[in-house]
Amino acid sequence: MSAPFDERPLGPGEYRARGDLVRSLVPGAVLAAVPAARAAAEAEGHRLRFDFLDDAAVLELLRLRHLDEAALHRAGVRLGVPTALAAFALFAGWGAYAQHWEPGRDQYLYYGLCGAACVLVVVLYAVTLTRHWGSRPRRRVRARAAAYRRIAHLARDGGARLPDAYPHYGPYPFAARFHPEAEDEAADGADDGAADDDLDMPADRRGDPPGAPDGKGPR
């Protein structure tokens, strides 16, 4: 899942927020200066197996969070537009012709076409939701991103000077459950170069080569 080619490469410490706006990471030391935020970072870090005060790791997390949201948006468009067009065509066909037909072969064929279209739409939605919402590695990213947002809000409430709406992402209301086994699967996949393959981005889009502090950091 790569970023569009018309987007400029990210610089060190930068990530894309909602609306493709480029934002800068707030150093973990700023969050850790607030005792409540530091305690939450340690507790959530233990629960989610993640260091929320590691700048390189958090930067990678926010970049993956953007890629996940972009993929969800594209999937919604790919489903929504054809669904709307098919629904409009069937409705227009009913309004123009089908309601005037006498019960018979043609009308039954129309009803069969409507039923087949509905089944196809349901199958496409089920496959898409399973792929995008059911992916355990991506749910891991969402769970950690949601926890980081809570930590940042605690820091702001405690007096830390953070940009408005930082980290510029809302929480996931669902599909953000952490699965420890997904972490182990990702570690195994990393040995084969396949970890988080559907949320990967070329190094020149991240802003640094793989392995650099602000490039592909630890997860």
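Estimated at the nearest 10 Å², the accessible area of W133 is 60 Å² with a 1.4 Å probe.
For D51, D164, give me the order by solvent-accessible area with a 1.4 Å probe, most accessible first, ignoring ligands, DNA and RNA. Numbers along the way, then the final one.
Values: D51 85, D164 130 Å².
Descending accessible area places them as D164, D51.
Per-residue surface analysis assigns H66 an accessible area of about 20 Å², computed on protein heavy atoms at 1.4 Å probe radius. Inter-part distance, region 119-174 to region 51-97, computed on C-alpha centroids, equals 14 Å. Given a Förster radius of 30 Å and the C-beta distance between A36 and H73 as r, what FRET efficiency does 1/(1 + (r/R0)^6) yield to the nearest 0.05? So, using R0 = 30 Å, E works out to roughly 0.35.
The values are calculated or read from the model by the stated rules, or taken from the named source; none is laboratory data. These numbers come from a predicted model, not from an experiment. Cβ: placed from backbone, ideal geometry, glycine included. Neighbour counts: every protein chain shown. Accessible surface areas use protein heavy atoms only, side chains included; no ligands, DNA or RNA. Shrake-Rupley method; radii C 1.70, N 1.55, O 1.52, S 1.80 Å.
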